Protein chains: 2
Amino acid sequence: MPQHRTAGRDPGTGPQGAEREALRRALELAADPRVPLGPNPRVGCVLLDPTGRVLAEGFHRGAGTAHAEADALARAAADGVDVAGATAVVTLEPCTHTGRTGPCAQALIAAGISRVVIARRDPNPVAAGGAALLRAAGLDVDLDVPADLAARAAELNRGWEHALGTGRPLVTAKIAATLDGRAAAADGSSRWITGPAAREEVHLLRAACDTVLVGTGTAGIDRPSLTARRSDGTLHPRQPLRAVMGTGPAPQLLAVEGAGESVHLRTRDPHAALADLHARGRRHVLLEGGPTLLAAFLRAGCVDELLVHLAPKLLGAGAPALGDLGITSIGDALDLDLLDVAPLTSADGRTDLQLTLRPRPRRPAPAQR
Amino acid sequence: MPQHRTAGRDPGTGPQGAEREALRRALELAADPRVPLGPNPRVGCVLLDPTGRVLAEGFHRGAGTAHAEADALARAAADGVDVAGATAVVTLEPCTHTGRTGPCAQALIAAGISRVVIARRDPNPVAAGGAALLRAAGLDVDLDVPADLAARAAELNRGWEHALGTGRPLVTAKIAATLDGRAAAADGSSRWITGPAAREEVHLLRAACDTVLVGTGTAGIDRPSLTARRSDGTLHPRQPLRAVMGTGPAPQLLAVEGAGESVHLRTRDPHAALADLHARGRRHVLLEGGPTLLAAFLRAGCVDELLVHLAPKLLGAGAPALGDLGITSIGDALDLDLLDVAPLTSADGRTDLQLTLRPRPRRPAPAQR
């Protein structure tokens, strides 16, 4: 629990409890599924009066639009609400740079805000320093929020943070396999390896990433739609870019009204493909296969997170879920850290497992361009 | 918590608490690792005076020796302890039949025991009815023990109970595989797929089963010792029968002083092999591979429980953990119920997963003899 500097506050129901509630609300606002994903972080902001009453809310709606703090201040002004002496609760440290919009830290100071609660430091060297600027201007700045809310604030923009640090999008690879590592039966049939709950989880993943990537081979065989759908078949409000990668002719993806844009990346090199996607403002790629493309990304050290949807089934034959990694001896096996194991239980009681893993750093692979 | 009929008892510290403690002790006695496994159930017995004080303990030490109740009564007699009016706490319903030893229910009645607490009903039709016999003789019989202790009592003899119901030993199959279903790398190397904690678990399994079974192929390639060892290399007090199965010449198992007996089952038919082992008094077989033998047992419907030790590694090539099941289409995949997922974490922090699964009943496979 955060230790606040103001004495006499009741953490459950007083202003501190109100600030926690406001942060939860700001996180919801930031994650609004109608906001298109892109090169900017998702941010939410709630303004509270000193008694903990909500004065205004705001969030960032994508590149070129107002930042969350500016959005909230504008809404307060439009409603004729005085924010002097108010508290601003934000999911990300207010920025200090002037891009297409002005610096938010300066806007909060100018509006007479007296206290700012911040869930996550801005890792962007260009925009950071907001907390220090606010403190220098005499505002009370609180970065000590509950750990679960801080984790949600970090999770919200992990693709963006990863790209800031590495210059390429975050890559989550997903495979669905039987216990014996098969992605299809001997006759090629693969619908369905996993149950409805696992497949629904994949659609949520697609809606949470900004890009879905498959190889031309998989696109040609499966003709996937690569949309993010709900279990009733309707589309999620946010659809990922549908990227197909490979040097062969680009197969047609299944045409679906409301699906995301599609693009053909004419390369077999994971680094080149990710550079291209980064240049397009993409920050989180869901790599959905096939086995050869997954192997290429693993060999290139370009998989940041691996999700394995493991079905409690055995096939004994059929296409393996993973292509050749060039590994011949057990000592050279690609090691991963197991981060999480979660059951994915469908309405019929059938349970698949979702394993979340992170490949351990390896010797860099030779360049493949 | 069990509802006892006698009023005024304190469940924590009075006679009822003493009975729970006595049952825990009886379960320990029954599971004594020095007792050789075999065709008889493991049973423990503790005698308490009406205040909850322990009068005597006993357990069954294997076929041909005294049953647990008779053992406890004999020890009380040897110590000159009067057991009239005492409570007998037993892990299994006292038997009613005369085999190589007399019926235990009759012995308890004759000794003047007034109350009997029973953790598990005897499923053996030849020996059952002990509780009714005791009640008819005026004894207070309590079958309502805490669920966790009842489960331990069932677990203790699950191979024996399975064999009573089916006429063949219980079969637990174990495989160790990478996330992509490989049991070895392309060059055949497989030491080690899993970490020390998983390997230690296998040795505990061997000590808990009465038979370890491998195919002649695996025995020839790996020359395993098939012993149950502790992590320091010493042998567990109880060693399983080491069975090698196949019609080819029987390869030599690694000679280890103190290892269990070894036997060559000259058949490829799982049903025939299990009938042979049952005739030898075996009730719980640990099937350790290889992939072809596992596939044969799965096809024959002869795997009751599958343990998958899943290593967070990828190989991309190498021998699959499971041979051909004759399945060509995804709709015919062998489905299993996932019963448990447990992490097996080694001292170096590395975690493998142990999945416990039960194959769902299938259409019976054609006879293979």
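Computed quantities for the displayed model
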item	result
Qualifying positions in region B:140-157 - farther than 20 Å from B:Gly130 by Cβ and either in contact with a strand residue (DSSP E or B) (Cβ under 6 Å, 6 or more places away or on another chain) or free of Cβ contacts under 8 Å to residues at least 24 places away in the same chain (or both)	B:Ala147, B:Asp148, B:Ala151, B:Glu155
Qualifying residue in region A:320-327 (condition: more than 19 Å from B:Ser190 (Cα to Cα) and more than 8 Å from every other protein chain (Cβ to nearest Cβ))	no
Out of B:Thr172, B:Thr178, sole residue that is farther than 24 Å from B:Ala300 by Cα and either out of contact with any His (no Cβ under 6 Å at 6 or more places or on another chain) or at pLDDT 90 or above (or both)	B:Thr178
Matching option when the condition is of a type in the set (Lys, Arg) and touching a helix residue (DSSP H, G or I) at 6+ places or on another chain (Cβ under 6 Å), among B:Arg283, B:Arg299, B:Arg268	B:Arg283
Leading residue by the ranking (nearest to A:Ala119 (Cα to Cα)) among those in region A:60-92 that are aliphatic (A, V, I, L, M) and at pLDDT below 95	A:Ala66
Residue among A:Leu306, A:Leu274, A:Leu336, A:Leu355 that alone is facing chain B (nearest Cβ under 10 Å) and more than 18 Å from A:His203 (Cα to Cα)	A:Leu336
Residue selected from region B:317-331 under the condition over 31 Å from the mean Cα position of the chain (by Cα) and outside any loop (DSSP other than H, G, I, E, B), by the criterion surrounded by the fewest Cβ atoms within 10 Å (Cβ to Cβ)	B:Gly331
Selection within region A:189-224 - assigned to a loop (DSSP other than H, G, I, E, B) and under 28 Å from A:Gly349 (Cβ atoms)	A:Ser189, A:Ser190, A:Arg191, A:Trp192, A:Ile193, A:Thr194, A:Gly195, A:Pro224
Selected residue [charged (D, E, K, R), touching a residue at least 40 places away in the same chain (Cβ under 8 Å) and within 14 Å of another protein chain (Cβ to nearest Cβ)] from B:Arg238, B:Arg206, B:Arg182	B:Arg182
Filter result (more than 10 Å from every other protein chain (Cβ to nearest Cβ) and either outside any loop (DSSP other than H, G, I, E, B) or out of contact with any strand residue (DSSP E or B) (no Cβ under 7 Å at 6 or more places or on another chain) (or both)) within region A:167-179	A:Gly167, A:Arg168, A:Leu170, A:Val171, A:Thr172, A:Ala173, A:Lys174, A:Ala176
Yes/no for A:Ala147 being away from chain B (no Cβ under 14 Å), more than 20 Å from A:Thr356 (Cα to Cα) and not β-branched (Val, Ile, Thr)	yes
Those residues of region A:38-85 which are β-branched (Val, Ile, Thr) and outside any loop (DSSP other than H, G, I, E, B), in sequence order	A:Val46, A:Val54
Some residue of region B:91-110 being crowded, with 22+ Cβ neighbours inside 10 Å, within 19 Å of B:Arg158 (Cβ to Cβ) and of a type in the set (Asp, Glu)	yes
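The values are calculated or read from the model by the stated rules, or taken from the named source; none is laboratory data. All values reported here derive from a predicted model rather than from experimental measurement. Because the Cβ atoms are built from the backbone with ideal geometry, glycine has one as well, and the counts that use them run over all protein chains shown.
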